[in-house]
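Just so you know, all these numbers are worked out from the coordinates, no wet-lab data involved. Keep in mind that what you see is a predicted model, and the values were worked out from it rather than measured. Glycine gets a Cβ as well: all are built from the backbone with ideal geometry, and neighbour counts include every protein chain shown.
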Amino acid sequence: MKKKKRSRHLVWTLIVCAVLYFLDALLIGLPSLGTFLCVVFMLTNFVAFLWRRKGERAIVMKYGIRSLALCLTVFAILSTFMFNKHMGHVNARLIIKAVEDYRSEQGKYPERLEDLIPQYFSKVPRAAIRLTSSKYYYLRHKEYHGLMWAEAPPFGRRTYRFETKKWSYID
């Protein structure tokens, strides 16, 4: 009976960690809610461990494994965020080079990013591996042309202006 209960706690811990990772890393794209909840769960886990500490190895294992899973979840969330940030910068540089090459060859900026297909890309690169805010936006106005993506959604929108060759943040 105790073995089943212990494995049930582990399964629930892993489910909670997976949901928190999905929320922060893949859905929201910003280490916020899931990271905060992991820290809260770790603190409550530590308090519960101190409260129930009876010297039993099973209790130490239960709370230790739960804390380890939560720490690894925070690490995974932060790693995914940093990877997405890096991926956004690398792919933005590729798009910028392709747009500049297009301009050199055609004498004008493209109307949209899809105009770079198939000569420069087989498809327009993604800005990040997440479910929301994962694509680049090509800004085309009378005065300027630009590239934008959400580095840290929903804010932290990074923009590049082709005429000035400068980066900035919208918010």
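Taking the C-alpha atoms only, the angle from helix 2-21 to the longest principal axis of the chain is near 20 degrees. Across the options Gly146, Phe121, Tyr136, the greatest Cα extent toward the positive end of the charge dipole of the range 51-171 (unit charges at beta carbon of Lys, Arg, Asp, Glu) belongs to Tyr136.
Residues Met148, Met87, ranked from the fewest to the most other C-beta atoms within 10 Å, line up as Met87, Met148. Close Lys pairs in the chain, defined as Cα atoms under 16 Å apart and 8 or more places apart or on different chains, number 14.
The fewest-to-most ranking of Val16, Val47, Val99 by surrounding Cβ atoms within 10 Å reads Val47, Val16, Val99. In the chain, the longest principal axis of the Cα atoms and the axis of helix 33-52 are about 10 degrees apart.
Can you sort Arg157, Arg103 so the residue with the fewest Cβ neighbours within 10 Å comes first? Provide the component values of the computation, followed by the final result.
Values: Arg157 17, Arg103 14.
Fewest to most other Cβ atoms nearby, the residues stand as Arg103, Arg157.
Rounded to the nearest 500 deg cm²/dmol, what is the calculated helix-only ellipticity per residue at 222 nm for the chain, with -39500 (n - 2.57) per DSSP H run of length n ≥ 4?
On the way: 3 runs with 90 residues, N = 171.
Taking each H run of at least 4 residues, the total per residue is -19000 deg cm²/dmol.
Relative to the dominant Cα principal axis of the chain, helix 57-106 is inclined by about 0°.
When semi-axes √(5λ) of the Cα gyration tensor in Å is computed from the coordinates, the matching label among (i) 41, 17, 14; (ii) 24, 19, 14; (iii) 48, 14, 10 is (iii).
Other residues lying with their Cβ under 10 Å from the Cβ of Arg140 contribute a combined charge of +1, Lys and Arg counting +1, Asp and Glu -1.
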